[in-house]
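One structure is given here, and the rest of the page talks about it.
The values are calculated or read from the model by the stated rules, or taken from the named source; none is laboratory data. Predicted, not measured: the structure shown is a model, and the values here were computed from it. All Cβ positions, glycine included, derive from the backbone under ideal geometry; neighbour counts span all protein chains shown. What goes into the accessible areas is simple: the full protein's heavy atoms, side chains included, and nothing from ligands, DNA or RNA. Shrake-Rupley method; radii C 1.70, N 1.55, O 1.52, S 1.80 Å.
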Amino acid sequence: MTGIGSSLISPFLSLYVDTLGVFTKKELSFQSGLIFASTFITMAIVSPLWGKLADQKGRKPMLLRASLGMAIMIFSMGFVTKAWQLLILRLLLGAFSGYTSNSVALMAIITPKEHSGRVLGTLSTGTVAGTLLGPLFGGVVVAHAGYKMTFWITGIIMFFVFLLTVFFVKEHFTPKPKDKVLSAKALTQVIDHPKVIIAMLLTTTILQLTDKSISPILSLYVRQLVHNPQLVTIYSGIVASAPGVVMLFFAPLFGRLGDKIGQYKILLFGLVLSFTIYLTLGFSHAIWQVILLRLFIGVSDSALAPSVQIILSQNSPQEATGRIFSYNQTMQSIGAIGGPLIGSTVSAYFDYRYVFFVSALFIVLNILNYATNFPQLKESRY
């Protein structure tokens, strides 16, 4: 449900921004990039605070805070009439985000580490299923009821997530006094492989740079390829959800396979495959090519996203899991801030397809990061 909530409107956000004013192509690209990135600006600032509170108070309070806050902010977005109003609400949304990261931290703590690949892979499947359904459902809603209805529906969905969390999520947690919460210096001393943690945090940042750089322009690129205006939102939903179709099947498979052969091998496979696909996307000229290549992105994403989370969980002591995953969310936010801004800047001055080439360059950085830290990853067995 959280996956649906996060993906219901995001593929069409640039098109929604276009309805809130009269913009040139360059202005629309910059406005879309800024509004996309705004949520992650506040998320990057507050995530360490929420992570520290999670280690001190428990994960369930953080899940309740995130789901209710997201429900209110997203529902309110359906009433905006100006782009700056949407920007403010997106900034506030970032302050309340973090449901998925806290759910991963909770599952990582209660799961034996030798089974974490299977369990977190299954959890990723739930998120992916929502991410798959969201754009498809959102495209139909937009086509028949307009953009505002998608915000109201999303807000209602997130309120149901809040209620489900209240009544069904159980956590046996003993609150810790503030003086018992590990300091940043003490945190490094209880981690067996700090270089692995650092490498994975950097990997997370670059993955988000890669993924989010195309977010502001994806629906605009689809509009450029689809000549029937009535089909733009439908095709945008298909393009946005195509990776989710594949991830639904491959994420659990890669999770189990990583438990057997090592998660670092799965990570390398995902990096090489994603580089190939993004580079090829830069040469696409038809909507069917974009859809096909987005399906293959689902394979690479199935390897990348769960493997990073699993490696982090396997190398995180229980007393620091919440903090480490909050740092991971901060690094996600940093990448998600830079990605849309870079992508919108490139698209403003060049053709949309050049954004895919820039994304491929980001993946090269991630491969270099992997190569640099490969010995440490091998030592950790993950």
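With the simple model of a label 7 Å out from the Cα in the direction of the Cβ, residue 291 to residue 357 spans 2.8 nm. Applying the Kirkwood pairwise sum to the alpha-carbon positions of segment 1-70 produces a hydrodynamic radius of 14.3 angstrom.
Result for the chain in a Gaussian network model with C-alpha springs under 10 Å: among 91, 267, 163, the largest mean-square fluctuation is at 163.
Label-to-label distance, residue 195 versus residue 224, with points set 7 angstrom from Cα along the beta-carbon direction: 4.3 nm.
Between residue 372 and residue 19, the contour length at 0.36 nm per residue exceeds the Cα-Cα span by 122.5 nm. Label-to-label distance for residue 365 and residue 122 is 3.7 nm, based on points extended 7 Å past Cα in the beta-carbon direction.
Need the full-extension length gain, residue 172 to residue 261, defined as separation in residues times 0.36 nm minus the C-alpha distance. One decimal, nm. Please report the intermediate quantities before stating the final value.
Details: separation 89, 0.36 × 89 = 32.04 nm, distance 3.28 nm.
Full extension from residue 172 to residue 261 adds 28.8 nm.
Mind grabbing the base-10 log of I(q)/I(0) for the chain at q = 0.14 Å⁻¹? Debye formula, identical points on the C-alpha positions, no solvent, two decimal places. Values returned for q = 0.14 Å⁻¹ are -1.22.
With protein chains left intact and a 1.4 Å probe, residues in segment 226-294 average 47 Å² of accessible area per residue. Cross-linked pairs 170/212; 57/260; 57/148; 170/260; 26/212; 52/148: Cα-Cα separations exceed 28 Å for 170/212; 57/260; 57/148; 170/260; 52/148. Pairs of Cα atoms nearer than 8 Å and 6+ residues apart set the relative contact order; for the chain it is 31 percent.
Residues in segment 270-286 carry Karplus couplings, in order, of x, 5, 5, 5, 5, 4, 4, 6, 5, 4, 5, 4, x, 9, 6, 9, 9 Hz; the curve used is 6.51 cos²θ - 1.76 cosθ + 1.60 with θ = phi - 60°, and Gly or Pro positions show x.
Can you give me the % of accessible surface on the chain that is carbon or sulfur? Probe 1.4 Å, all protein chains present, nothing else counted. Provide the component values of the computation, followed by the final result.
Values: 11350 of 16140 Å².
Roughly 70 percent, rounded to a whole number.
Entry note, segment 30-107: relative contact order of 49 percent, from Cα contacts under 8 Å with a spacing of 6+ residues.
Based on the inverse mean of 1/r over its pairs of different Cα atoms, what is the Kirkwood hydrodynamic radius of segment 244-348, in Å? Please report the intermediate quantities before stating the final value.
On the way: mean 1/r = 0.0649 Å⁻¹.
Mean inverse Cα-Cα distance, inverted, gives 15.4 Å.
Within segment 1-45, list the residues whose amide N lies under 19 Å from a label point set 7 Å along Cα→Cβ of residue 160. The answer is 1-10.
For the pair residue 27 and residue 144, the difference between a 0.36 nm per residue extended length and the Cα-Cα distance amounts to 39.4 nm.
For segment 191-279, just say rounded, prolate or oblate: build the C-alpha gyration tensor, square-root its eigenvalues into a ≥ b ≥ c, call rounded for a/c under 1.5, and beyond that prolate if a/b exceeds b/c, oblate if not. Numbers along the way, then the final one.
Working: a/c = 3.21, a/b = 1.99, b/c = 1.61.
Here segment 191-279 falls in the prolate category.
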